[in-house]
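Student: What follows is a single structure, and I will ask about it in a moment.
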Amino acid sequence: MRFSSNSLLLGAVALVSAIPVQDSPRQRLLDGKPLPGKYRSKNPYTPGYRDPYDTAVDSIGKGLDPLPWRNGDGASVLGPWNRERARQNPDLVRPPSTDSGNIPNLRWSFVDSHIRIEEGGWTRQTTIRELPTSIELAGVNMRLDHGAIRELHWHKEAEWAYVLSGSVRVTALDYEGGNFIDDLSQGDLWYFPSGVPHSLQGLDPNGTEFLLIFDDGRFSEESTFILTDWFAHTPKSVISKNFHLAPEVFERVPKREKYIFQGSKPGSIEEEEPKGKNVKKSKYQFTHRMLEQEAHVTSGGKVRITDSKNFPISKTVAAAHLEMEVGSLREMHWHPNADEWSFFIRGRARVTVFAAEGTARTFDYQAGDVGIVPKNMGHFIENIGDEPLEVLEIFRADEFRDFSLFQWLGETPRRMVVDTLFADDKEAGEKFLKEIDNPVKDEITLPDIKNDEEEDDL
């Protein structure tokens, strides 16, 4: 039998086409590898997109509209759809494939909190009523214009605060009758123990804004003990006796609480501090310059920790201030002594919380959001945006404590680690052991590594 040259060529072509090309789309899928970018959609919220690694997507930064498609599963949305909410919560719309089980909501945005508007300022709160998982701590965001006063008051709960912007004057009286006055600016803290009476006044030409933390999630700003409220509900004959003055002197005191009001322009501390032979200054330091602390520098950012070790009066609240570079990760860790109450000051992040029993859930955060991570639950914070991420981690505790997963595995017998994680892949096990050998705790880490998905998008 004779074959023409054309038939031989056609046969050869057919034979070659029957042999799988090692880097073809079909062969990559058979090998469990992702498709290169040229073979798939660049939009992660489409049915043709594939990502076996659950890579973070910054839907706000990239201007994407999240839809419930994941690795070919899911469907489009036909009913009503809030696009802005979807952009803010892409990992609720399309959760990572690793999410599982029933975990309660751990995210709240202050923009969803009711604002109480007063003369010269406003306030809003995030408590157990707004966020049921906010059990151990409650937060209040308050604004005072220049000269505006948060009137003389006290609380059942201890009050911790972080100045977000501007400057503020704080005054207080300690348990021993000593008075305290200080002026604070952005990044400074104050702490007033339970029952300590105090006041606040905006100083900067634009006033001030701050975050208040109270050591009980059931706290309410409405439950504050306020001076004018007490006067309004006490017989004037009693007030007269208390202050040794005729009742008529108190005829025009406020009939109701003033709460926040526009005050007169404050002078310097030296001009305004009380004087007299019976007056004494407090021996307690109720304020602290957190951002003036020397930062602990990591491969991916900076960490500052303030607790009773360096701010002794703060017995019930500890905190960490994080500055995270683009692409960095607050390493996988957990806190053994308290729930984490996070406040996001700048940037965008995703957090996955592991709750044991095969359950995990991922949440997305941006500036003004509050996050909760219950005690001992494993988690990370990933900067998914295009700018540095600034976060406060706050705890109802006297000391900041955390366990690093990286450090734990690096200080565990090597055989045990490999038997647990890499029994079926000794080569990968050796790579892992080399990486965690002689571990150094890197709270905010920025590894020089990219997966296939990230390489394709470059």
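Student: Can you give me the accessible area per residue for the stretch 221-337, using a 1.4 Å probe, in Å²?
Tutor: Accessible surface, normalised per residue, equals 62 Å².
Student: Solvent-accessible area per residue for the stretch 111-166 at a 1.4 Å probe radius, Å²?
Tutor: Per residue, the stretch 111-166 has an accessible area of 37 Å².
Student: Ordering Arg116, Arg330, Arg252, Arg50 by how much accessible area each has at a 1.4 Å probe, largest first, what is the list?
Tutor: Final ranking, largest accessible area leading: Arg252, Arg50, Arg116, Arg330.
Student: Related question: Let me cross-check Asp442: its accessible surface, 1.4 Å probe, with only protein heavy atoms counted, in Å² to the nearest 10?
Tutor: 30 Å²
Student: Mind listing the long-range amide H neighbours of Leu106? Cut-off is under 5 Å, sequence gap 5 or more, other chains count too, H placed in the peptide plane at 1.01 Å from N.
Tutor: none
Student: The stretch 322-380: which GluC sites (Glu not before Pro) are DSSP loop and have at most 12 other beta-carbon atoms within 10 angstrom?
Tutor: Glu357
Student: Additional query: Tally up the carbon and sulfur contribution to the accessible surface of the chain as a whole percent, 1.4 Å probe, everything protein left in place.
Tutor: Ligands and nucleic acids excluded, carbon and sulfur give 54 percent.
Student: Let me ask you something else. In percent, how large is the relative contact order of the stretch 48-182, given Cα pairs closer than 8 Å and 6 or more residues apart?
Tutor: Taking the mean separation of contacting Cα pairs over the length of the stretch 48-182, I get 13 percent.
Student: Next question. With a point put 7 Å past each Cα toward its Cβ, work out how far Glu272 is from Ser76 in nm, to one decimal.
Tutor: Those two pseudo-labels are separated by 6.2 nm.
Student: Also, I was wondering about something else. For the stretch 371-414 and the stretch 183-237, compute the distance between their C-alpha centroids and round to whole Å.
Tutor: Their Cα centres are 31 Å away from one another.
Student: Still on this structure, please answer the following. Once you keep just the Cα pairs under 8 angstrom separated by 6 or more residues, what percentage relative contact order results for the chain?
Tutor: Normalised by residue count, the contact order of the chain is 15 percent.
The values are calculated or read from the model by the stated rules, or taken from the named source; none is laboratory data. The structure displayed is predicted, hence computed values, not measured ones. So basically every Cβ, Gly included, is an ideal-geometry build from the backbone, and we count neighbours across all protein chains shown. To get the accessible areas, we keep the full protein, side chains included, count just its heavy atoms, and leave off ligands, DNA and RNA. Shrake-Rupley method; radii C 1.70, N 1.55, O 1.52, S 1.80 Å.
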